[in-house]
Amino acid sequence: MLTVSGDSMIDAHIAKGDLVIAERSEKARDGDIVIAEVDGEWTMKYFRDRGGKIWLEPANKNYKPIYPTEGLRIAAI
């Protein structure tokens, strides 16, 4: 169980202070909401995989997608 600390997933109805239950997993499918370490930072976002191009997408139009440059490790879905 994790406590949400930001608003990047607000349009998925996940808000600051919410408690989320996540299942440990190193694998994700396109569209899964994941807890991931990307370029040394932890985040919760939609996992996107289109034709081998992978990125993390927020559910808030005020944030930009994250395209990993150094590494991406999925910890939970």
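The values are calculated or read from the model by the stated rules, or taken from the named source; none is laboratory data. As the structure is a computational prediction, the values presented were derived from the model and not from experiment. Positions of Cβ are generated from backbone atoms using ideal geometry, with glycine treated the same way; all protein chains shown enter the neighbour counts. Protein only, heavy atoms only, side chains kept; ligands, DNA and RNA dropped before computing areas. Shrake-Rupley method; radii C 1.70, N 1.55, O 1.52, S 1.80 Å.
Run the quick spin-label model on residue 41 and residue 60: label points 7 Å from Cα toward the beta carbon, then report their separation in nm to one decimal. So the label points at residue 41 and residue 60 sit 1.2 nm apart.
Determine the sum of side-chain charges near residue 71: Lys and Arg each +1, Asp and Glu each -1, restricted to other residues whose C-beta is under 11 angstrom from that of residue 71.
Numbers: positive: 73; negative: 37, 39, 41, 70.
Here the charged neighbours net out to -3.
Within the stretch 24-65, the trypsin sites (Lys or Arg not before Pro) that combine a DSSP coil assignment with at most 16 other C-beta atoms in a 10 angstrom radius are 27, 29, 61.
The lysine pair tally for the chain, using Cα distances under 15 Å and a gap of 8 or more places or different chains, is 4.
How much accessible area per residue does the chain have, in Å², with a 1.4 Å probe?
Numbers: 5380 Å² over 77 residues.
I get 70 Å² per residue for this part.
Compute the signed sum of charges (Lys and Arg +1, Asp and Glu -1) over the other residues within less than 14 Å, Cβ to Cβ, of residue 39.
Net charge around residue 39: 0.
Sequence-ordered 3J(HN,Hα) estimates for the stretch 29-44 from the Karplus curve with 6.51, -1.76 and 1.60 and θ = phi - 60° stand at 10, 3, x, 5, 8, 10, 9, 9, 9, 10, 6, x, 10, 8, 7, 10 Hz, glycine and proline given as x.
Ignoring ligands, DNA and RNA, what percent of the 1.4 Å accessible area of the chain is carbon and sulfur? Mind showing how you got there, number by number?
Working: 2610 of 5380 Å².
Using a 1.4 Å probe with all protein chains present, the chain comes out at 49 percent carbon and sulfur.
What is the distance in Å between the Cα centroid of the stretch 31-64 and that of the stretch 4-26? With the stretch 31-64 and the stretch 4-26 each reduced to a Cα centre, they are spaced 12 Å.
For the stretch 5-15, take each phi angle, set θ = phi - 60°, evaluate the Karplus expression 6.51 cos²θ - 1.76 cosθ + 1.60, and give the result in whole Hz per residue in order, putting x for glycine and proline. These are the phi-based 3J(HN,Hα) values: 10, x, 10, 6, 10, 4, 6, 9, 6, 10, 10 Hz. Highest GNM mean-square fluctuation among 52, 17, 40, for the chain modelled with Cα contacts below 10 Å: 52. The alpha-carbon positions of the chain define a convex hull whose volume is 86 Å³ per residue.
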